[in-house]
Amino acid sequence: MIESYRSFWVKSFAFGGNTKRSDFWLAYAGNAIVVVFLLVLGFLLGSLLGDSDNVTPVALIVIYSVAAIVPNVSIQVRRLRDAGFNPWLLLVSLVPYVGGIALFIMYLQPSKLPSPV
């Protein structure tokens, strides 16, 4: 999982190529773990600093989310290509509800490209 998460950041601007299904989901699991860690850290720092409005955890999550925008788009484009779909289908996410479900189903599809031996 650590290698998949590291690859998520290293290939931030690599929109070419593909990403295997396992690497895609392990990178997203790594993102979820980092977000939970930042929430806990934010609440601890907020309580130490007397932050009663819980601004600290929200600020940490916003900073991380903004930093992860390009890597997230990049890995989604590579995953769609690996599953045999046109990367422009990422724009389907702009359709409320249906778009997210459609992309989720596309991300779950097995690789269509032959794996290098």
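Here, each number is a calculation from the coordinates, and none is a lab measurement. On a predicted model such as this, the values are computed, not experimentally measured, just so you know. Reconstructed Cβ throughout: ideal geometry from the backbone, glycine too, with neighbour counts over all protein chains shown.
Listing for the model above:
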{"quantity": "Simple label model, 7 Å out from Cα along Cβ direction - Asp51 to Ile63, nm", "calculated": "0.9 nm"}
{"quantity": "Kyte-Doolittle mean at least 1.0 and Cα axial length at least 15 Å: DSSP H helices in the chain", "calculated": "21-49, 55-67, 98-108"}
{"quantity": "The chain - charge dipole about Cα centre, Lys and Arg +1 at Cβ, Asp and Glu -1, debye rounded to 20", "calculated": "560 debye"}
{"quantity": "Which of Leu44, Ile33, Ile2, positive extreme of dipole for the chain (C-beta unit charges)", "calculated": "Ile2"}
{"quantity": "Cα gyration tensor shape of region 1-55, rounded if a/c is under 1.5, else prolate or oblate by comparing a/b with b/c", "calculated": "prolate"}
{"quantity": "Hull shadow area, averaged, the chain [alpha-carbon convex hull, nm²]", "calculated": "8.4 nm²"}
{"quantity": "Residue-count net charge about Pro71 - beta-carbon cut-off 14 Å; Lys, Arg +1, Asp, Glu -1", "calculated": "+3"}
{"quantity": "Peptides 15-28, 71-84, 32-45 ordered by average Cβ neighbours within 10 Å, highest first", "calculated": "71-84, 15-28, 32-45"}
